Structure formats: structure tokens, C-alpha cells
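Working notes, structure below.
The values are calculated or read from the model by the stated rules, or taken from the named source; none is laboratory data. None of these values were measured; they are calculated from a predicted model. Here the Cβ positions follow ideal geometry from the backbone for every residue, glycine too, while neighbour counts run over all protein chains shown. SASA here: full protein model, heavy atoms, side chains in, ligands and nucleic acids out. Shrake-Rupley method; radii C 1.70, N 1.55, O 1.52, S 1.80 Å.
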Amino acid sequence: MKSAMTQEKRYEMMMNTPVSSLIPKLAVPTVISMLVTAIYNMADTFFVSRIGTSASGAVGIIASLMFMIQAIGFTFGMGSGNYISRSLGDQNGEEATRAAATAFFSVLMIGVLMIAVGVPFMKPFVYLLGATPTIAPYAMEYMRYILYAAPFMLCSYVMNNILRSQGIALYAMFGITAGGILNMVLDPIFIFKFRMGIAGAAVATMLSQIVSFVILLAQCNLRAGSIKILPSQFSPSFRMYGIIFHAGLPSLCRQGLMSISAVVLNFAAGPYGDAAIAAMSIVSRFMMFINSGLIGFGQGFQPVCGFNFGAKRYDRVLESFWFCVKVSVVLLTVLGAVSFVLARPIIAAFRKEDLEVIAIGTKALRLQLLTMPIQAWIIMCNMLTQSIGCGFRASLVAMGRQGIFLIPSLLLLPLGFGLLGVQMAQPIADVCTCALGTVIVVGVLREFRKNGWI
């Protein structure tokens, strides 16, 4: 009875609390979780950069593998999470439980498969990801332990979204934050004190992911009122996977294409030396840090949107969307302006010994910071369409920034502009994606009016 009352109160909160207070309340834990994740990703880059420029470049090479893992985890996590939100909004707890178990045990099996396939073929894999002969040895050391951590990482992404989809992201924050803090503590110990080099950074990441996994699993299965992850509820079927992939497709497109574009970026920067790969890796990590806060804020919006869309409260869906757009545009404009001024010291903090890395990274960072306000609009357009079940249109927005526009830019611009073309590719892709996202959201609003929802 206690569990039922808890879910009933949560339903009332999602339906009736003013969005201006509800979304920030739900967003704070996810923002913290995302920022901590981004910080410990930057910590890896920061400490590994102390080893050398080639080691720093290796982090950029393996970033594409990390994006692959995230793509799978987010696909099942957000796909099941959105369905869980809508099921709870429709007061169908049994269906939500089946979706949670199916997503969790599916990615667990995928993670084990990644170890079995990836470890024996690490050398050709790192070259496929864009490694140079000087970067490859560092990349293979780092990759081994990331693969061992893959099952825990995948399951953690799913559990994080399962908790968030129920409006209890605070519980998820504990697991993500604990793992992130542990990673930052262990990095310098393993890299320098134990003299493990770049492998030490990977071992620190692996151990932190295992800790996060254990905490998140406890939050799911031991908290009263939370959806439990039970083997008995594992329900693999074409129908269930169809539901998960339909809602999770935008995440697969966004993160999957991020992985592909990271590989293309490595190959595009490769002709300009290890310094170019290292510089673009540092810029990517810093931009992920800024955008992670925005994504965390948007993830506070998604359960509100899913609950209210499932309950046919379309007025609250749009009220939530416009509230998030206004807040995120203002915040990213301010952050972008401050970071633009401090661009050179930001890059120098990672690799102060290499002036070439600093010069290349400073220009690339400033160019990307110019598009910060429209990045806010792009991400919110993506999250709105994803949360209301418009999987294809959400996928188009996601694919625009990370694939449809970015990959051609990376392939074509360097032909005419050289290294500057590599540095300009992301901001040009952002401008094009902003236009695409605007067209799609205008179409969604037109459908709302046509159906008499607003």
C-alpha cells in the first residue's frame, strides 16, 4: 500500500505542480549527475594530458568508443524511460516494470558481447577509430579496461533513466555522483602514484562505473515506490523492443552519430599531427561539460512532458517546453560569453607544455562557443519531440547536429580551409541543425492546433 500511495502522490505532483518549480526540482539531480559525469571525463583528459600529447590524443580516440557505449545505453535507457513515464501517466505500473527489466537485461548481454568481441581485436579497432602509430599504443592500453567496464556502464545508463522517468532523479544522482567523485580521486593515484600511466585512468573509470552500478541497482530495487528490476519481468518481444527503439531512436542517432563523427574528426585532424587530435579532444570534452548541464536540465523536462502527454494535459506539455527554452537560452548565452573570454587559459590548463595544442584548441573552442544559444534551442527541440513519441522527427534533429550536417562539414571543409575547416565544422553544423529543428517544432505545434490540443 505504501508503494501505491507513493506513486499516487508522485502522479499528483507531475500533473499539478507549477512547471516553473517542478522542472527545476527534477532537473537539479540530473544536472548534477550530468556535470559530474562530464567533470570526471574531463579529469581523465586533464590527468592523461600530463603524460604527453599522444596520450592526450588517445583519450580522444577512445572517446568514440565511449560514445558507442553511451549510444546503446541511452537508446535502451531513454527508450524505456519515455515509455515508463507514459505508462505511469496512464497508471499502468505493470507495463512500466516489464519495460525496465527488458531494457536492463538486454544491455547487460550486449555489454558482455562487447568484451568478447572487442578485447581480441583491439589493435585494428584503435586504427579504425583514427589512431596514429604514435597514439595507438596509448589507445589500446586505455581501451582494454573501458571494454571491461562496458556492461556496468550500459546498465547504469539504463537505471539512471529508469529512475529519472519516474520523477525520482535524486536517487539516480547518488550513484552517478559517487562514481564520478571516486574516478577523480583515483585518476592521479593510479596514473602517477602507482605509475600505471594511461591504463591507470582507464582502471579508475572502470572501478567508478562498478560503484555507480551497485548504487543505482540498490536505488532501483531497495527504494519503496521505485520500479524494481527483476529477471522475472524480462519480456523480450518484437512489440517491447519496437516501443523502446521507437522512443530511443533519437538517442541512438544522437550518440551513435556522435561516435561516428568523433572518428571522422580524428581522421580529419590526423594530417595536422597529434597536437590537432589532442586539441580537438580537449575542446570536445569541454563542450560536453557545458552541454551536459543543458542536457541535465532538459532531462528534468522530459518526465514532466511524458507524464502530461500520457495524461492528455497538452497545455502543460507546451508550457514546460517554452519554460525550458527560455531558461536554457539565457544560461548558455552567459556561459558561452564567459568561456569565450577564457578560452586560451581553459585549453592551457590541460596541455600548457604544448603551444601548438593551445593555439589550435583556443580557436576551435571560440568558434564553437559562438553557437551556444542555438545549441540550447536544438537540444530542447530534440527532447520535446522525443518525449511525446515523435521518434522520427526527434531523430532528424539529433542526426542533424551529429551527422547529417557535421560529418559532411568535416569531410569537405578541410579540403578548402585546411585545419580551419576542421575547427569550423561543428558551428556550421549547429547553424544548419537550428534551422531544421525550427521547421520540425513548427510542424509539431501545427499538429497540436489541428487536433484541438491547444
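How do 370-381, 436-447 rank on mean C-beta neighbours within 10 Å, highest first?
370-381, 436-447
Would you please state which residues of the range 200-231 a label at Asp90 would reach in this model, taking the label point 7 Å out along Cα→Cβ and a backbone N cut-off of under 20 Å?
Under cut-off, by backbone N: 227-228.
Determine ³J(HN,Hα), in whole Hz, for all residues of the range 116-129 in sequence, where each value follows from phi through the Karplus function 6.51 cos²θ - 1.76 cosθ + 1.60 and θ = phi - 60°; x replaces Gly and Pro.
4, 8, x, 4, x, 10, 5, 4, x, 5, 5, 6, 5, 7
Kindly report the accessible area of the range 353-408 per residue (heavy atoms of protein chains, probe 1.4 Å, no ligands, DNA or RNA), in Å². List each step's numbers first, then the result.
On the way: 1670 Å² over 56 residues.
Heavy-atom SASA per residue in the range 353-408 reads 30 Å².
Taking θ = phi - 60°, what integer Hz values does the Karplus form 6.51 cos²θ - 1.76 cosθ + 1.60 yield along the range 231-245, in sequence order, with x for Gly and Pro?
Per-residue couplings from phi come out as x, 5, 9, 4, 10, x, 7, 4, 5, 5, 5, x, 5, 5, 6 Hz.
If contacts are Cα pairs under 8 angstrom and at least 6 residues apart, what is the relative contact order of the chain in percent?
Values: 791 pairs, mean separation 108.1, N = 454.
Relative contact order for the chain comes out at 24 percent.
At what distance in nm do the modelled label points of Leu128 and Phe267 sit from each other, each positioned 7 Å from its Cα along Cα→Cβ?
According to this spin-label approximation, the distance is 1.3 nm.
So what's the angle, to the nearest 10 degrees on a 0 to 90 scale, between helix 198-222 and the longest Cα principal axis of the chain?
Relative to the chain, helix 198-222 is tipped by roughly 10 degrees.
Where only protein heavy atoms count, and the probe is 1.4 Å, what is the accessible area per residue for the range 216-259 in Å²? Before the final figure, lay out each step's value.
Working: 2010 Å² over 44 residues.
Roughly 46 Å² per residue, with all protein chains present.
As an exercise, take the mean of 1/r over every pair of distinct alpha carbons in the chain, invert it, and state the Kirkwood radius in angstroms.
Working: mean 1/r = 0.0454 Å⁻¹.
Hydrodynamic radius (Kirkwood, Cα only) of the chain equals 22.0 Å.
Largest first, how would Arg144, Arg239 line up by accessible area (1.4 Å probe)? Numbers along the way, then the final one.
Values: Arg144 85, Arg239 135 Å².
Sorted descending by solvent-accessible area, the residues read Arg239, Arg144.
Please report, as a whole percent, how much of the solvent-accessible surface of the range 89-165 comes from carbon and sulfur atoms (probe radius 1.4 Å).
Details: 1940 of 2920 Å².
Within the range 89-165, the accessible surface is 67 percent carbon and sulfur.
Give the distance, in whole Å, between the Cα centre of the range 184-257 and the Cα centre of the range 276-338.
21 Å
Distance in nm between label sites at Asn451 and Phe121, each 7 Å beyond Cα in the beta-carbon direction?
A separation of 4.3 nm, rounded to one decimal place.
Send over a whole-number figure in Å² for the accessible area per residue of the range 288-341, probe 1.4 Å. Mind dumping the intermediate values first?
Working: 1980 Å² over 54 residues.
Dividing the accessible area of the range 288-341 by its residue count gives 37 Å².
Kindly provide log₁₀ I(q)/I(0) values, in the same order as q = 0.17, 0.24, 0.25, 0.28 Å⁻¹, from the Debye equation applied to equal alpha-carbon scatterers of the range 342-414.
Values, matching the q order: -0.79, -1.01, -1.04, -1.12.
Determine the sum of side-chain charges near Thr17: Lys and Arg each +1, Asp and Glu each -1, restricted to other residues whose C-beta is under 13 angstrom from that of Thr17. Provide the component values of the computation, followed by the final result.
Details: positive: Lys9, Arg10, Lys25, Arg313, Arg316; negative: Glu12, Glu319.
Once all neighbours under 13 Å are counted, the net charge is +3.
What list of ³J(HN,Hα) values in whole Hz, one per residue of the range 412-425 in order, does the Karplus curve 6.51 cos²θ - 1.76 cosθ + 1.60 (θ = phi - 60°) give from phi, with Gly and Pro shown as x?
For the range 412-425, the Karplus-derived couplings read 9, 4, x, 5, x, 10, x, 4, 4, x, 5, 6, 8, 4 Hz, x marking Gly and Pro.
Hey, any idea what % of the range 326-405's accessible area is carbon plus sulfur with a 1.4 Å probe? Could you put the intermediate results ahead of the total?
Values: 2360 of 3140 Å².
Carbon plus sulfur share of accessible area: 75 percent.
Between the range 350-414 and the range 105-152, what is the C-alpha centre distance in whole Å?
25 Å
Please compute, for the alpha-carbon atoms of the range 176-223, the extent along each of the three principal axes and give them in descending order in Å.
40, 14, 11 Å, listed from the longest principal axis down.
Need one number: nm distance between label points at Leu342 and Arg223, each 7 Å from Cα along Cα→Cβ, rounded to one decimal.
Once both label points are built, they end up 3.2 nm from each other.
Per the 1.4 Å probe, what fraction of the accessible area of the range 179-269, in percent, lies on carbon and sulfur atoms?
Values: 2940 of 3860 Å².
Roughly 76 percent, rounded to a whole number.
How much length would be gained if the chain were fully extended between Val439 and Ser232, taking 0.36 nm per residue of separation minus their Cα-Cα distance, in nm to one decimal? Working shown, then result.
Values: separation 207, 0.36 × 207 = 74.52 nm, distance 4.40 nm.
Full extension of this stretch gives 70.1 nm more.
Can you return the lysines within cross-link range of Lys25? Criterion is Cα-Cα under 21 Å, with same-chain partners fewer than 8 residues away left out.
Lys9, Lys326
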